[in-house]
1. Kindly provide the set of residues from region 52-105 that are among the basic types (K, R) and within 15 Å of the ligand (Cβ to nearest atom), ordered by number.
2. Can we say P75 is in the same structural domain as P38 (by TED's automatic domain parsing) and over 22 Å from W305 (Cα atoms)?
3. Could you tell me which residue of region 160-173 is surrounded by the fewest Cβ atoms within 10 Å (Cβ to Cβ), considering only residues that are closer than 13 Å to V314 by Cβ and more than 6 Å from the ligand (Cβ to nearest atom)?
4. Of the numbered conditions (1) hydrophobic (A, V, I, L, M, F, W, C); (2) within 16 Å of the ligand (Cβ to nearest atom); (3) surrounded by fewer than 24 Cβ atoms within 10 Å (Cβ to Cβ); (4) over 29 Å from S19 (Cβ atoms), V110 fails exactly one; give the number of that condition.
5. Filtering region 200-217 down to residues that are at negative phi and away from the ligand (no atom under 13 Å from the Cβ), which residue is surrounded by the fewest Cβ atoms within 10 Å (Cβ to Cβ)?
6. Of the residues V325, V314, V258, only one is among the hydrophobic types (A, V, I, L, M, F, W, C), surrounded by fewer than 19 Cβ atoms within 10 Å (Cβ to Cβ) and modelled with pLDDT of 95 or more; which?
7. Given V156, V176, V187, V135, which one is modelled with pLDDT under 95, out of contact with any helix residue (DSSP H, G or I) (no Cβ under 6 Å at 6 or more places or on another chain) and away from the ligand (no atom under 11 Å from the Cβ)?
8. What number of residues within region 299-331 satisfy the criterion of being of a type in the set (D, E, K, R), closer than 18 Å to V153 by Cβ and in contact with a helix residue (DSSP H, G or I) (Cβ under 8 Å, 6 or more places away or on another chain)?
Amino acid sequence: MADASPSPPPKTMRAWQYSSTSGGLEKNLKINPSAALPKLKPNQHLVRISAMALNPVDYKPAQIPGVARLAVGLPATPGIDFCGRLITPAKDSPLKAGQMVFGCAGNNPVAGGALGEYAVAGLQAVAALPEGMEVVDAATVGVAGTTAYQSIVPRVKAGDRVFVNGGSGGVGVFSVQFAKTMGCYVVATCGTGNVEFVKGLGVDRVVDYRTENVVEVLKGLREKEGGFDHAVDNVGTNEELVLGCHEFMKKEASYVIVGGEPTLQGLKDILKRKLLPGFLGGVKGKVEGFFPAHKTEDFEKMAEWMTQGKVKAVIDSRFKYEEAVKAFEKLKTGRARGKIVVDEPNSRLLLLKQGVIMAKGDPLGCGGCDSGSEHLNKDKCREMNENMILEERAKFKEAQQSYGRQYDEPLTRLVNAVRANDEEAKAAAKKDFGELSDEMRKFVYDHNAQERLRVYILCSSRESF
Ligand SMILES: NC(=O)c1ccc[n+]([C@@H]2O[C@H](COP(=O)([O-])OP(=O)(O)OC[C@H]3O[C@@H](n4cnc5c(N)ncnc54)[C@H](OP(=O)(O)O)[C@@H]3O)[C@@H](O)[C@H]2O)c1
């Protein structure tokens, strides 16, 4: 996916910015159509963003009164995790201009700038996007992947028993998969609606924190199977769990707190843990805080596992660039299952509208050159996409007509049964309708039809390509 001569960056760019966080960061976000490009230092890369993913750190610290103004600098562009094209490599970097890279953006740890068209990234904060790894998947790795990786991988060995509090969120989906990839026995918590999903990530025992007492379950597991060798807490707000960790951890095993809320209560909890001795209600186990550091080799290892299929990116939802506010609203519910992705400003939807690309099996790939949104040969892509659109259009017409015809007969029977007040005939006609609907749903599913239909509608609403 290298582009030997990426276009030089423009003087200004589109970027989401906030100048205040009063009432909530997302309420103050606006697109600046002519924002200045970030200043590039010699030890930084300049990248053009293709996709980015949100993290709680994109809004939590900036919303603490005074932090945005004093520590972030306003106006600020949020966003850290990204995948994009390298425009100017950092001095002494082995990476080349035009290569696709992924990692963490920014001069500032809480406002990285990945929600702009261009962003800077530190020398160690990126790695090359390997062959076979999707742009959107790579965009989810940054902070969440690094946090999960560094809080688990160097601290465990095969056979260890690992507890993950919060196995279904942005960090959690990576935590549990990394621990499994390391060969550990993994117990993780999540809410009722995510139990099956977390099991599907390979977790050995899922604890539903909404219906089970997590501490009691963990104590029971310790009695039956032995204590835990390592734990990461991606939630950080259950004091019973933190203060009771010595009851389910092995002696000297670390309980690493990743998550937490920047509230007065959160601060009180931290002080209590740190300052009070165990007999006065302080921590009796070995509890540690955590902050990740950017390391190219960690990004490379995560990418290797992902291309090998050992770890998968989990995308909760995906938003167009123009919908970044909605993406923040979703993030702030605290209920995301995996990562929330925001597309590049030149989003595929826009390119679809322009007829430049066409969705294939992967709804994001170009049907012509299979390259995502960076086209190897625009004319050829256009021609191939045009043919695919025509084929899809024909397929849909045929399906519509066929289902239309099939619906005709039971519909007539239903109308007649209603007129004749014949309950038995009515029930039979309704049943036929139901079966037809199931078939139609199957057709839609089999042909990934929703995406195709969307493309079809978009394309058919244009006069020409
Ligand atoms: N220390 C660091 O350097 C660092 C780095 C990254 C993130 N963080 C922090 O780590 C935390 C997690 O980040 P994230 O990106 O994973 O956030 P996230 O994606 O917003 O987390 C959402 C997930 O949390 C789960 N959850 C909520 N309450 C829970 C509970 N009581 N028990 C178990 N699971 C619960 C939800 O599951 P259900 O919907 O099933 O309830 C949901 O799947 C945040 O507080 C973030 O600020 C810290």
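1. K60
2. Yes: the conditions hold for P75.
3. Result: G167.
4. Exception for V110: condition (4).
5. G200
6. Matching residue, one of V325, V314, V258: V325.
7. V135
8. The qualifying residues number 3.
The values are calculated or read from the model by the stated rules, or taken from the named source; none is laboratory data. The structure displayed is predicted, hence computed values, not measured ones. Here Cβ is always computed from backbone atoms with ideal geometry, including for glycine, and neighbour counts include all displayed protein chains.
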